[in-house]
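Chemist: Mind looking over this structure? Questions follow.
The values are calculated or read from the model by the stated rules, or taken from the named source; none is laboratory data. Nothing here was measured: the structure is a model prediction, and the numbers come from that model. Don't worry about glycine lacking a Cβ; one is built from the backbone with ideal geometry, like all the others, and counts go over all protein chains shown. For accessibility, only protein heavy atoms count, side chains too; no ligands or nucleic acids. Shrake-Rupley method; radii C 1.70, N 1.55, O 1.52, S 1.80 Å.
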Amino acid sequence: MGLFDAFKGMLGEAEAAALPAVLARAVPGGLQGILAQFQQSGMGSQVSSWLGNGPNEPITATQLQSVLQEEHVAGLAQSLGIPADKVLEFLSAHLPGVIDAQSPHGALQEPAP
């Protein structure tokens, strides 16, 4: 088991469940803003799969890094209580499922503040 696998095992469902609210506070425009940034960066098919009813297309840490600004990654790290260098890996593992869960009828529902 690698270091990231061990680290990922330490992260509970609570962190993943808190992710929508954390993203809404850490990134301008919240979840809608993040999805718009992904679509503008050529990742519209991934976004559509997360919002739709089929399987969720994955997103890589490299793709996330191309969209999210460093200060947003740092803010997410602080809010989630994980090292900044692990945030993108955490997001790549959890973001598609979180967006899918936040869009039960194909439309994103922003979390309560």
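Chemist: Modelled with pLDDT of 90 or more and of a type in the set (Asp, Glu): is that true of residue 15 in this structure? Even if it seems obvious, please write down each step before you answer.
Modeler: On the way: modelled with pLDDT of 90 or more: no; of a type in the set (Asp, Glu): yes.
Considered against the rule, which asks whether it is modelled with pLDDT of 90 or more and of a type in the set (Asp, Glu), residue 15 comes out as no.
Chemist: Determine, yes or no, whether residue 36 is without any contact (Cβ under 8 Å) to a residue 12 or more places away in the chain, open to solvent by less than 40 Å² (accessible area, probe 1.4 Å) and more than 11 Å from the chain's Cα centre (by Cα).
Modeler: Values: without any contact (Cβ under 8 Å) to a residue 12 or more places away in the chain: yes; open to solvent by less than 40 Å² (accessible area, probe 1.4 Å): yes; more than 11 Å from the chain's Cα centre (by Cα): yes.
Yes; evaluated as a whole, the condition is true for this residue.
This table checks each residue for (1) in contact (Cβ under 8 Å) with a residue 12 or more places away in the chain; (2) part of a helix (DSSP H, G or I); (3) in contact with a Lys or Arg (Cβ under 7 Å, 6 or more places away or on another chain); (4) more than 15 Å from residue 27 (Cβ to Cβ).
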{"position": "54", "(1), (2), (3), (4)": "no, no, no, yes"}
{"position": "58", "(1), (2), (3), (4)": "yes, no, no, yes"}
{"position": "66", "(1), (2), (3), (4)": "yes, yes, no, no"}
{"position": "75", "(1), (2), (3), (4)": "yes, yes, no, no"}
{"position": "78", "(1), (2), (3), (4)": "no, yes, no, no"}
{"position": "85", "(1), (2), (3), (4)": "no, yes, no, yes"}
{"position": "89", "(1), (2), (3), (4)": "yes, yes, no, yes"}
{"position": "92", "(1), (2), (3), (4)": "yes, yes, no, yes"}
{"position": "107", "(1), (2), (3), (4)": "yes, no, no, yes"}
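Chemist: In addition: Return the residues of the stretch 68-81 that are crowded, with 17+ Cβ neighbours inside 10 Å and of a type in the set (A, V, I, L, M, F, W, C); say none if nothing qualifies. Show your work before the answer.
Modeler: Applying the first criterion (crowded, with 17+ Cβ neighbours inside 10 Å) to the stretch 68-81 yields 68, 72-73, 75-77, 79-80.
68, 73, 76, 77, 80, listed by residue number.
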